[in-house]
Amino acid sequence: MKILYGIQGTGNGHISRAREMARVFQALDCEVDYYFSGRAADKFFDMSCFGDFQVGKGLTFVTEQGCVQKWKTWRQLNLGYFRQEVKALDLSDYDLVLNDFEPVTAWAAKQQQVPSLSLSHQAAFLHHVPKVNDSLFDRLLTRYFAPTQYQIGLHWYHFNCPILPPIIPCFDKPSINQVSFILVYLPFESLTQITELLSHFQQINFVCYHPDIEVESQWQNVQLKPLSRDGFHHHLHHLHQCKGVVANGGFELPSEAISLGKKLLLKPLQGQFEQSSNVATLAMMGLAHVTQSLDITTMRVWLDSESVGRVKIPDVASEVGKWLLSGDWDDITTLQNTLWSQVEFPELVCEVMSEHYPESQYITSNLSLTKPLMK
């Protein structure tokens, strides 16, 4: 089987997930080509695992000061060029287009009638999972931005829906030897506002990654690190050692953090319903604190808080890879049951979710989800 894997290049979460899938595909000796869009070719880093990958312009969003600018996004769209990219992409050699919210490969597969399958967090929003302020525009965007024949959504809880746990790097054991610093990754916020906030807590050390940082440096109590081949590539090292994480409301970094038992303070990107829904979900589960602004009081309260514990997440990527190669893409029942049966939540999370989903039969005394999710 030959696969073309289309990956959204805006942000780093989609790419981090694709790295895990690339690891699995290599182990399975599966022939996979990779296609990225949404970012200039010279802005990608740590991409060696993808081999000779392709880069397209695709479609992306304009963000300023932590907000999605829908009007500016619409103005900068070049739909004519996008149609040319779709038409120029030849899929005749591929048996499957795997897609992580990447529009060029998705629409090319649709037009050329090549089997396509979404493996993304966005696909979870096609089901009855928690949503906050989702407009008609958001619902249409979720369904038609990168449409595929099959969809597999990824989320932190099953919500009695046909979705899977997050795809994250394999962490064999919880973090040890924690260092007293906080990891900060707020790429859509003003770096000046971030450092101004952190400077109010001189007794705390922070490690801050940001796209506007070009050279690693120290500013008061903040270690500033660039998103580069020598920088963010090592963020997992910092993630293991830190006491907590301050981030936007994406999916991948919070998934990695809760799997290590790190406390979270999340600020959703304004105007982005997915991020608002994400932070509301983690807050409901008791796994994160939420702030709508870079607020000193909220930060102080969060810094004094403790983590509720670790969420144990299995090697989802390996199971998905084997399932993909089986070719039976109409049914994820066995795959779903296998993976959720290995997820373990802290006791507090189990109590909270049993209250929100009293009809659920999947939370057991040993903190695992073990009952069938689909009949």
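The values are calculated or read from the model by the stated rules, or taken from the named source; none is laboratory data. Everything numeric here is computed off the predicted structure, so don't read it as measured data. Heads up: the accessible areas ignore ligands, DNA and RNA and are worked out on the full protein's heavy atoms, side chains in. Shrake-Rupley method; radii C 1.70, N 1.55, O 1.52, S 1.80 Å.
How high is the relative contact order of the chain, given as a whole-number percent (alpha carbon pairs under 8 Å, six or more residues apart)?
Once normalised by length, the contact order is 15 percent.
Quick one: Karplus J couplings for region 269-275, per residue in order, coefficients 6.51, -1.76, 1.60, θ = phi - 60°, nearest Hz, x for Gly and Pro?
Rounded to whole hertz, the list is 5, 5, x, 10, 4, 4, 5.
Among LYS263/LYS322; LYS2/LYS263; LYS110/LYS312; LYS131/LYS262, which pairs are too far apart, with a Cα-Cα distance over 29 Å?
Flagged as over cut-off: LYS263/LYS322; LYS2/LYS263; LYS110/LYS312.
Among THR192, THR338, THR298, which one shows the biggest mean-square fluctuation in a GNM of the chain, springs joining Cα atoms closer than 10 Å?
For the chain, modelled as a Gaussian network with Cα springs under 10 Å, the answer is THR192.
Once ligands and nucleic acids are excluded and a 1.4 Å probe is used, how much of THR333 is accessible, expressed in Å² to the nearest 10?
Its heavy atoms expose roughly 30 Å² to the probe.
Can you give me the solvent accessible area of LYS43 with a 1.4 Å probe, rounded to the nearest 10 Å²?
That residue has around 120 Å² of solvent-accessible surface.
Per residue, how much accessible surface does the chain expose to a 1.4 Å probe? Answer in Å², no decimals.
45 Å²
Per DSSP H run of n ≥ 4, the term is -39500 (n - 2.57); total these for the chain, divide by its residue number, and report the mean residue ellipticity at 222 nm rounded to 500 deg cm²/dmol.
Value at 222 nm, helices only: -9500 deg cm²/dmol.
Quick check: convex hull over the Cα atoms of the chain, volume per residue in Å³, rounded to an integer?
138 Å³
For region 95-157, would you read off the P(r) tail past 13 Å as a percentage of all alpha carbon pairs?
Value for region 95-157: 59 percent of Cα pairs lie more than 13 Å apart.
Counting DSSP beta bridges in the chain, what percent are antiparallel, to the nearest 5?
15 percent
Spelling out what I want: for every residue of region 290-300, take phi, set θ = phi - 60°, compute 6.51 cos²θ - 1.76 cosθ + 1.60 (Karplus), and round to whole Hz; glycine and proline get x.
Computed from phi, the couplings for region 290-300 are 10, 9, 9, 8, 7, 9, 5, 5, 4, 4, 4 Hz.
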